1. Out of everything in the range 25-37 that is touching a helix residue (DSSP H, G or I) at 6+ places or on another chain (Cβ under 8 Å) and surrounded by fewer than 19 Cβ atoms within 10 Å (Cβ to Cβ), what residue ends up being nearest to residue 82 (Cα to Cα)?
2. Can you list the helices (runs of 4 or more DSSP H) found entirely within the range 82-164 that contain at least 1 residues being in contact with a helix residue (DSSP H, G or I) (Cβ under 9 Å, 6 or more places away or on another chain) and over 26 Å from residue 226 (Cβ atoms)?
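Taken together, the values in this text are just the output of simple stated rules run on the coordinates, not laboratory data. Only a predicted model underlies this, so the values are computations on that prediction, with no experimental measurement involved. All Cβ positions, even for glycine, are placed from backbone atoms using ideal geometry, and neighbour counts span all protein chains on display.
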């Protein structure tokens, strides 16, 4: 359950039920919008609300042509209320970078953990021998658990660990996905290059070197975030 969406919904309903003023709604949204820009965008529950919150954050401001400030209209705010209350549906896409300055504030991992894994993956890719220490580091990494996917870091980390677990990298002979099934897939399209590209691409995402393209869907008053691409040029 998205707890932030519930809070957002209550604020919006309170305004249209005249329990809070336009200024109170706008100031609340502006404060939350600031939190998102300063790191909370990594929290999935808040990220999915970003586009709507941005519009509500300037709802209470005055038009200022010189400063290029144009507040959202009453109709725009009402439309958002209808979406988050499940009356209407919506979907949109965005591109996000995991900034290293926020990383350790929102993750129990250290950036060096992922730098280490990337270095080892590149060694295997280039058919270089791994030390026992490196092998043990990978095994320890893939055996770690993620309690909940609450942040973008959790989401990408889960995909990295899943891909490593379902590959032959633990045996250190070859890297190739060990899929449970294949449907209409030419075996030539499932060899190493794709796997290396996908894994290294995800590591670059979590290290802030590449962007993550995401999609957000609102339906029946519920939000869903899904990854669209791990590579963005």
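1. Step one: filter the range 25-37 for residues touching a helix residue (DSSP H, G or I) at 6+ places or on another chain (Cβ under 8 Å), giving 25-26, 28-30, 32-33, 35-36.
Now restrict to residues that are surrounded by fewer than 19 Cβ atoms within 10 Å (Cβ to Cβ): 30, 35.
On the way: 30: 20, 35: 24 Å.
Per the stated criteria, the residue is 30.
2. Per the criteria, 111-125, 132-142.
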